[in-house]
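Peer 1: Just passing along the structure, written as structure tokens.
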Ligand code: ATP
Ligand code: MG
């Protein structure tokens with residue numbers, strides 16, 4: 001036998017048994033986004049490498065270590081998108097969507113990062129991204145957060161996630177703070193680990209992210225970002241907090257929350273859980289007012305977030321909050337044995353589909369004994385099996401068998417069947 005070729009590490013198949021949960025989550029998210037008047041946008045998975053270098057930042061983990069970059073046949077440097085925001089900005093610019101108008105957009109699809117695969121961290125993973133353009137006021141920041149809070153509520157995740165909130169201030173405020181932080185850390189360089197030393201040179205704010213306990217202890221007495229905030233950012237942050245308070249959304253202010261990407265300013269937030277081990281952030285975002293201009297457009301305020309689909313699915317599974325009906329994908333399984341049974345089965349199923357389009361019907365194909373067909377019916381997860389034997393076909397009848405064992409098996413006329421199903425299936 002030929003040697004089997006395996007999937008790439010960290011890139012997973014989504015097998016049919018898992019699809020209902022994915023569809024449930026994606027369906028809930030889409031419904032929620034429609035309820036807020038957001039429009040879908042789809043971008044290519046490949047972009048020019050320069051797009052990500054210029055937007056995410058040269059000295060970020062993503063650009064330094066995680067991108068899938070290669071030369072195509074023309075010698076152009078291309079990259080599999082590690083995230084969606086940069087592509088979305090590029091697409092909006094190219095499509096003329098940012099000229100004198102506001103946009104509320106969403107997308108979903110795979111992202112690619114060359115990280116060490118583990119639970120909740122993969123090399124191909126899915127995000128739902130939401131981006132808004134042209135609105136500078138914090139009411140839109142609040143809308144995005146309220147939207148996610150509503151989603152957690154609907155999915156039964158509210159008790160398992162907390163909102164971490166911060167403001168990074170204006171670019172100037174952040175630059176001033178960076179200088180103060182660098183001065184403080186330089187005096188204590190001997191106490192810093194290698195990673196933090198490197199960050200101190202390249203991207204000092206990321207030292208705040210350090211997981212090293214000694215570095216975190218050192219940061220206890222470091223200058224605080226909020227002492228450097230500009231008046232505008234401070235006011236906008238207060239407004240955001242007032243809206244969240246009024247709407248009953250709880251949050252923790254976390255001054256160390258800086259996010260890994262260069263383009264953020266002002267509001268940043270993360271929804272985190274302690275139920276998934278180290279991969280605790282399920283949704284993260286913030287304001288990026290400078291990015292459109294950085295990518296060659298006119299200055300355009302923008303704010304957005306991205307959710308990690310796999311982590312949300314893991315959370316739904318861990319908390320066991322997936323409604324049982326989600327896993328049931330078939331209502332009726334139609335079986336037939338004897339002469340003409342295959343035709344009769346297909347015709348009966350078709351008639352039912354025409355008259356009751358909401359019914360999900362699987363028609364047995366491929367013949368086999370009554371017993372083997374019933375086994376398949378049981379396995380299908382259907383509520384009822386409809387049986388067609390020669391006598392039923394001749395008499396225009398059908399035998400209805402309750403696969404969950406509630407009601408007695410009975411034989412009724414096919415004309416009566418619809419009424420019977422309507423009465424017996426809620
Ligand atoms: P982390 O700190 O966990 O590496 P991040 O800050 O790199 O996350 P973002 O770039 O903000 O992540 O992406 C938004 C969301 O996408 C994350 O909060 C997470 O839920 C999800 N995500 C990011 N990287 C991965 C990955 N490699 N595998 C699965 N999900 C991921
Ligand atoms: Mg990361």
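Values quoted throughout were computed directly from the atomic coordinates according to the rules given, and no laboratory measurement underlies them. In this text, all values refer to a predicted model and were calculated from it rather than measured experimentally. Note that we place each Cβ from the backbone using ideal geometry, even for glycine, and neighbour counts take in every protein chain shown.
Peer 1: Modelled label-to-label distance, residue 13 and residue 45, 7 Å Cα→beta-carbon offset: nm?
Peer 2: In this crude spin-label approximation the distance works out to 1.6 nm.
Peer 1: A further question on this structure: What three numbers, in Å, describe the spread of the alpha carbons of segment 329-426 along their principal axes, ordered from the longest?
Peer 2: Reported extents, whole Å, longest axis first: 33, 27, 24.
Peer 1: Now a separate question. Provide the gained length on full extension for the span residue 94 to residue 159, in nm with one decimal, where the gain is 0.36 nm per separating residue minus the Cα-Cα distance.
Peer 2: On the way: separation 65, 0.36 × 65 = 23.40 nm, distance 4.14 nm.
This chain segment gains 19.3 nm when fully extended.
Peer 1: A further question on this structure: Averaged over all directions, how much area does the convex hull of the C-alpha atoms of the chain cover when projected, in nm²?
Peer 2: Working: hull surface 113.5 nm².
So the mean shadow area of the Cα hull is 28.4 nm².
Peer 1: Please compute the length gained on full extension between residue 172 and residue 319, using 0.36 nm multiplied by the number of residues separating them and subtracting their Cα-Cα distance.
Peer 2: Working: separation 147, 0.36 × 147 = 52.92 nm, distance 4.31 nm.
Result for the pair: 48.6 nm of gain on full extension.
Peer 1: Return the ratio Rg/(2.2 N^0.38 Å) for segment 201-242, where Rg is computed over Cα atoms only.
Peer 2: On the way: Rg = 13.5 Å, N = 42, 2.2 N^0.38 = 9.1 Å.
Cα-based Rg divided by the globular estimate yields 1.49.
Peer 1: What FRET efficiency comes out for the pair residue 370/residue 413, r = Cβ-Cβ distance, R0 = 25 Å, nearest 0.05? Display every interim value, and only then the final one.
Peer 2: On the way: r = 21 Å, r/R0 = 0.84.
The calculated FRET efficiency here is 0.75.
Peer 1: Ignoring everything except DSSP H segments at least 4 long, calculate the 222 nm mean residue ellipticity for the chain; use -39,500 (n - 2.57) per segment, divide by total residues, nearest 500. Show your work: numbers first, answer last.
Peer 2: Values: 15 runs with 164 residues, N = 426.
Here the helix-only value at 222 nm equals -11500 deg cm²/dmol.
Peer 1: For the modelled label position 7 Å from the Cα of residue 293 along Cα-to-Cβ, which residues of segment 237-270 have backbone nitrogen atoms closer than 20 Å?
Peer 2: 237, 261-268
Peer 1: Against the longest alpha carbon principal axis of the chain, how many degrees, from 0 to 90 and to the nearest 10, is the axis of helix 19-35 turned?
Peer 2: Helix 19-35 sits at roughly 60 degrees to that axis.
Peer 1: May I pose another question? How do 219, 403 line up, fewest other C-beta atoms within 10 Å first? Don't jump to the answer; show the numbers that get you there.
Peer 2: Values: 219 21, 403 17.
The most exposed by this proxy come first: 403, 219.
Peer 1: How much length is gained on full extension from residue 139 to residue 1, taking 0.36 nm per residue of separation minus their Cα-Cα distance?
Peer 2: Values: separation 138, 0.36 × 138 = 49.68 nm, distance 6.23 nm.
Fully extending the segment from residue 139 to residue 1 adds 43.4 nm.
Peer 1: Using only Cα atoms, find the angle between the long axis of helix 341-355 and the longest principal axis of the chain, and express it within 0 to 90 degrees, rounded to the nearest 10.
Peer 2: With rounding to tens, the tilt is 60 degrees.
Peer 1: So how far, in whole Å, is the C-alpha centre of segment 255-333 from the one of segment 168-219?
Peer 2: 25
Peer 1: Report the residues of segment 80-112 in range of a label on residue 329: point 7 Å along Cα→C-beta, backbone N strictly under 20 Å from it.
Peer 2: 109-110
Peer 1: If N is the number of residues in segment 243-319, what value comes out of its Cα radius of gyration divided by 2.2 N^0.38 Å?
Peer 2: Numbers: Rg = 14.9 Å, N = 77, 2.2 N^0.38 = 11.5 Å.
Relative to the 2.2 N^0.38 Å estimate, segment 243-319 comes out at 1.30.
Peer 1: OK, next. Taking neighbour counts of Cβ atoms within 10 Å as a proxy for exposure, in what order, fewest first, do 358, 420 appear?
Peer 2: Details: 358 7, 420 15.
Ranking 358, 420 by Cβ neighbours within 10 Å, fewest first, gives 358, 420.
Peer 1: Sticking with this one: Give me Rg over Rh for segment 248-381, both radii from the alpha carbons and Rh done the Kirkwood way, two decimal places. The partial results should precede the final answer.
Peer 2: Numbers: Rg = 26.1 Å, Rh = 20.2 Å.
Expressed as Rg/Rh, it is 1.29.
Peer 1: How do 80-86, 49-55 rank on mean C-beta neighbours within 10 Å, highest first?
Peer 2: Values: 80-86: 22.6, 49-55: 18.6.
Put in order of decreasing packing, that is 80-86, 49-55.
Peer 1: When 59, 292 are ordered from fewest to most other Cβ atoms inside 10 Å of their Cβ, what list results? Intermediate values should be presented prior to the final figure.
Peer 2: Details: 59 14, 292 23.
Listing 59, 292 from fewest to most nearby Cβ atoms yields 59, 292.
Peer 1: Continuing with this model, one more query. For helix 414-424, report the angle its Cα long axis makes with the longest principal axis of the Cα atoms of the chain; keep it between 0 and 90° and round to the nearest 10°.
Peer 2: Computed tilt is about 40 degrees.
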